[in-house]
Amino acid sequence: MPPEKELTEPVDLCRPDGRLNPQAVGWTRSPLITANLTRNGRNKRWEYWAVQQADMIFALTISDLGYAGLHSAWFLDPAGREHSWQAITPRPRLDLPELPGAAPVAVHTRKVSLRIDPSVHGVRLRAMAEDLAADIEVDRPAGQDFMGVVVPWSEDQFQYTVKQTALPARGTVIRGSTTYTFDDAWATWDFGRGRWPRTVVWNWGSGAGVSDGRRIGLQLGGKWTDGTPMTENAIFVDGRCHKLGEVLDWSYEPGAWLSPWKVRTSDGSVNLTLRPKHDRKDSVNLAVVSNGTHQCFGTWHGSVEVEGMGKVVVDGLHGWAEEVTNRW
């Protein structure tokens, strides 16, 4: 692939007519792109956060698919039991910011209430339901980069995604009468704004932790960017984003989801394996939307060659790899 363009000046995602602004195609390490989606149609907007430590995972999603909102909280407890809370709202009209992290995001339904409050130094995540009370503080260390990418399928279909990972986190999840404490956790953020094809399949991998004395975050993608000039691949080292422009080869066994997932580049600069321990299976089948997800949690092992740094060893970073099919 030709080198991916790094953007260094503010730019709008869309032109005045609502189509993709070609000047926005590229990647950025700070929130420079304004997601000014103005046309009706297949606009998708979401905020996803996942917080993980060795024995627990908590995640929340606030999303506006245009014709419906899908909102959820999900918790994997130390015994390996899944707990989930979900609400579907028609025509949500959520107030989601055009700039990443620029304003609070909240949704309140009869089944679950979710809130994301950004601050100068981090983010507060809260979720409330009949038998759930979650409150987690995420730190954003000074100098922490983003990884923002605009992926173009056409001037009418495109996606702006922002990822951050390996953010220190702490807090509690209260489920019923039991309190679970996150005290050595890492958070991952996925900010999405775009206009998608009707059907799409993607792979996403994320990992976070300390390896060889450095704070490491993995951001790996596949399938959905094929045939475009962009990828969503990067490694964060002590908060600095190092963009990986090579297309990744994902090797795994559908149906044997707890078998190893291998992620490689043709030149060997990325050589990673996820050893899964838990498969989160999810599906939605409605008249206008369907989803099939296998999100496999485990530990990452291997190495990534980083320009100017040499080989970065990855040994036991907690994270996940997933395959998602959406008809939306």
Dipole magnitude of the range 11-327 about its Cα centre (Cβ charges: Lys, Arg +1; Asp, Glu -1), debye to nearest 20: 760 debye
If each part is reduced to its alpha-carbon centroid, the range 6-71 and the range 225-279 end up apart, in Å, by 21 Å
Past 20 Å, Cα to Cα, is the threshold; run Lys223/Lys243; Lys44/Lys281; Lys163/Lys223; Lys5/Lys163; Lys223/Lys262 against it and keep the listed order. Lys44/Lys281
Go through 104-116, 3-15, 207-219 and give me the packing order, highest mean Cβ count within 10 Å leading. 207-219, 104-116, 3-15
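With only Lys, Arg, Asp and Glu charged, each at its Cβ (+1 for the first two, -1 for the last two), find how big the charge dipole of the range 151-209 is about the Cα centre; round to the nearest 20 debye. List each step's numbers first, then the result.
On the way: 6 positive and 5 negative charges, 29 e Å.
Charge dipole, the range 151-209, about its Cα centre: 140 debye, nearest 20.
Among residues other than Thr273 whose Cβ falls under 12 Å from its Cβ, what is the net charge (Lys/Arg +1, Asp/Glu -1)? All intermediate terms of the calculation are to be shown ahead of the outcome.
Values: positive: Lys262, Arg264, Arg275; negative: Asp315.
Residues close to Thr273 contribute a combined charge of +2.
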Calculated SAXS-style log₁₀ I(q)/I(0) at q = 0.11 Å⁻¹ - the chain, Debye, Cα scatterers: -0.66
How far, in nm, would the chain grow between Val313 and Ala54 when pulled straight, counting 0.36 nm per residue and subtracting the alpha carbon separation? 91.3 nm
Spin-label point model (7 Å from Cα, Cβ direction): what's the Val306 to Asp139 distance in nm? 1.9 nm
Mind checking which of Gln159, Met230, Pro254 is farthest towards the positive end of the chain's charge dipole, using Cβ charges of +1 (Lys, Arg) and -1 (Asp, Glu) about the Cα centre? Gln159
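Per residue, what volume in Å³ does the Cα convex hull of the range 194-306 take up?
On the way: hull volume 14.3 nm³, N = 113.
That works out to 127 Å³ per residue.
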Starting from the 7 Å offset along Cα-to-Cβ, what nm value, one decimal, do you get for the label separation of Asp267 and His108? 5.3 nm
Charge context of Ile57, other residues only, Cβ under 14 angstrom, K/R +1, D/E -1: -3
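If I stretch the segment between Ile88 and Arg39 completely, what's the gain in nm (0.36 nm per residue apart, minus their alpha carbon distance), one decimal?
15.4 nm is the gain from fully extending Ile88 to Arg39.
Rounded to whole Å and sorted largest first, what semi-axes of the equivalent ellipsoid does the C-alpha gyration tensor of the range 254-328 yield via the square root of 5 times each eigenvalue? Spell out each step's value before the answer.
On the way: eigenvalues 179, 41, 18 Å².
Equivalent ellipsoid of the range 254-328: 30, 14, 10 Å, largest first.
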Could you name the aspartates and glutamates in cross-link range of Lys277, using Cα to Cα under 12 Å and dropping any fewer than eight places away on the same chain? Asp55
Eigenvalues of the Cα gyration tensor times 5, then square-rooted: what semi-axes does that give for the range 207-255, in whole angstrom, largest first? 23, 15, 7
Return Met309, Met1, Met128 ranked ascending by Cβ neighbour count within 10 Å, so the fewest neighbours appear first. Met1, Met309, Met128
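Any read-out appearing in this document is the output of simple, stated calculations on the displayed coordinates, not a laboratory observation. If you're wondering where the values come from, they're calculated on a predicted model, not measured in any experiment. Note: ideal-geometry Cβ built from the backbone for every residue, glycine included; neighbour counts use all protein chains shown.
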